[in-house]
1. Within the range 229-261, count every residue that is at pLDDT 95 or above, surrounded by fewer than 16 Cβ atoms within 10 Å (Cβ to Cβ) and closer than 19 Å to Thr99 by Cβ.
2. (1) under 21 Å from Ile170 (Cα atoms); (2) of a type outside the set (Ser, Thr, Tyr); (3) not assigned by TED's automatic domain parsing to the domain that holds Phe382: which one isn't true of Ile269, the others all being true?
3. Just to be sure before I move on: is Pro61 free of Cβ contacts under 8 Å to residues at least 24 places away in the same chain, in contact with a Gly (Cβ under 8 Å, 6 or more places away or on another chain) and either aromatic (Phe, Trp, Tyr) or not assigned by TED's automatic domain parsing to the domain that holds Asp135 (or both) in the structure I sent?
4. Restricting attention to the range 334-367, report how many residues are touching a residue at least 60 places away in the same chain (Cβ under 8 Å) and either of a type in the set (Asp, Glu) or closer than 17 Å to Tyr397 by Cα (or both).
5. If you check Tyr226 against the conditions, is it in contact with an Asp or Glu (Cβ under 8 Å, 6 or more places away or on another chain), buried (at least 16 other Cβ atoms within 10 Å of the Cβ) and aromatic (Phe, Trp, Tyr)?
6. Out of everything in the range 3-47 that is among the polar types (S, T, N, Q) and part of a loop (DSSP other than H, G, I, E, B), what residue ends up being farthest from Ala66 (Cα to Cα)?
7. Does at least one position in the range 188-208 carry a residue that is among the charged types (D, E, K, R), outside any helix (DSSP H, G or I) and within 28 Å of Phe275 (Cβ to Cβ)?
8. Of all residues in the range 180-205, which are surrounded by fewer than 20 Cβ atoms within 10 Å (Cβ to Cβ) and either touching a residue at least 40 places away in the same chain (Cβ under 8 Å) or not assigned by TED's automatic domain parsing to the domain that holds Ser148 (or both)?
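The values are calculated or read from the model by the stated rules, or taken from the named source; none is laboratory data. Model, not experiment: these values are computed from the prediction. Here the Cβ is made from the backbone with ideal geometry for all residues, glycine too, and neighbour counts use every protein chain on show.
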Amino acid sequence: ALDLVAQGHEVTGSDDEIYEPSLSRLINAGIAPVNFGWFEEKITSDIDIVILGMHAKVDNPELLKAQSMGLNILSYPAFVYWQSKNKKRVVIAGSHGKTTTTAMILHVLKKLKMDFDYLVGAQLEGFERMVRLSDAPLIIIEGDEYLSSAVDRVPKIHHYKPHVSVITGIAWDHINVFPTFDSYKKQFVLYLDTFEENGTLFFYKNDEILCDIVENNKAGISKIPYAGLIKADAGSVMYEGNTFPISIIGNHNLENLNAARLVCESLGINTISFFGAIADFTGANKRLQKLSDKNGRLVFLDFAHAPSKVKATTTAVKEWYGDKKLLGVLELHTFSSLNKDFIPQYHHALAGADKAIVYYNEHTLKMKNMPDLDLQFLRESFDHPDISLITETDSLYRLLHEKKYNDYNILLMTSGNFNNMPLEF
């Protein structure tokens, strides 16, 4: 919305909730709605395009009015493609690591003063917003496989038609719209047929399911496998016989780093320039974000919520800081993570932690119209020798601040916010 205003378009919008920093930015641009909510009288015949986000449901009164008037309705990803159809499009896809890999690429391009647009799923240091749409010749898109809108029920990645893409790996997610793993996997099978002619795919070669999909695909695109870069020590990697400094941790991030390197190489950036630019990259917001470093104890916050992400993140912190015990804390917040048919996917996901805590807010279950969880079933599903299951936010806060955990590193993982629990250590 802000970029469209900057381009000279007249923009209005509606939502039932708008949070900071978005609200202040919309107010400053003069386009914040006067009242929150949905008002069909806002939909008039002089509107050229209605852009629909996932938050608007099929019975939304403004959507129904726009449909009845025959207005041009586009999902957000369809609009992004429409705005970028004359650009070179790079799409970072996969079940995990998308935001970090995208952020790495954006970090390098910005430091090298390249002109580019972008769409990314987290607030990044050095970037005012999470999207930029201009007349730049290149766009970097974080490609989510979730549905595009309530009336455009195809994955967002199916809209973008990439010239270059990464698939980081495949692990079942979004059980509410993909109730089986096969239905989820199929979206990536279909994705490979959306590439522009002579496109390029970089795919993670140690994912057997992904490799099988790529091998069976007949599209006329270049398919290039990759793995993680080699760790030299805690602060550097090896590449082609040379050592380069880095500021990230975790083997999964060395995989993301190599994917980012390959994309940048395809954009004409040489090895020395890439590693010089990436050296001070510390991660995207809530992606192994360091909250505290006091008295020899580290506290990290991470967006990990799907099983593969939880396992990779927990393992990364334990391996990088193996001299200290690790307290791993996971909030079950998404529909998938609270679904009893999906929860067994978390088996051993917290194995890297010496002490595990699984927290969920019973109010979240009520808001999602989901049944209560059986604690014994949860315990058996995670199968961790030292696990606490907590549903009260105050109890979680007290446990995290018990003296016996003062010499533990702490890893907080959530796609929510622990019911607004203070994250002070």
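1. 0
2. Every listed condition holds for Ile269 apart from (1).
3. Numbers: free of Cβ contacts under 8 Å to residues at least 24 places away in the same chain: yes; in contact with a Gly (Cβ under 8 Å, 6 or more places away or on another chain): no; either aromatic (Phe, Trp, Tyr) or not assigned by TED's automatic domain parsing to the domain that holds Asp135 (or both): yes.
So Pro61 does not fit the description; no.
4. Residues in the range 334-367 being touching a residue at least 60 places away in the same chain (Cβ under 8 Å) and either of a type in the set (Asp, Glu) or closer than 17 Å to Tyr397 by Cα (or both): 1 in total.
5. Criteria met by Tyr226.
6. The initial filter retains those residues of the range 3-47 that are among the polar types (S, T, N, Q), namely 7, 12, 14, 22, 24, 28, 35, 44-45.
Those still in the list that are part of a loop (DSSP other than H, G, I, E, B) too: 7, 12, 14, 35, 44-45.
Values: Gln7: 24, Thr12: 14, Ser14: 13, Asn35: 19, Thr44: 8, Ser45: 9 Å.
Going through the qualifying residues, I end up with Gln7.
7. Residues of the range 188-208 among the charged types (D, E, K, R): 193, 196-197, 205, 207-208.
Subset that is outside any helix (DSSP H, G or I): 196-197, 205, 207.
If we keep only those that are within 28 Å of Phe275 (Cβ to Cβ) too, we end up with 205, 207.
Among the residues of the range 188-208, at least one is among the charged types (D, E, K, R), outside any helix (DSSP H, G or I) and within 28 Å of Phe275 (Cβ to Cβ), which makes the answer yes.
8. Result: Glu196, Thr200.
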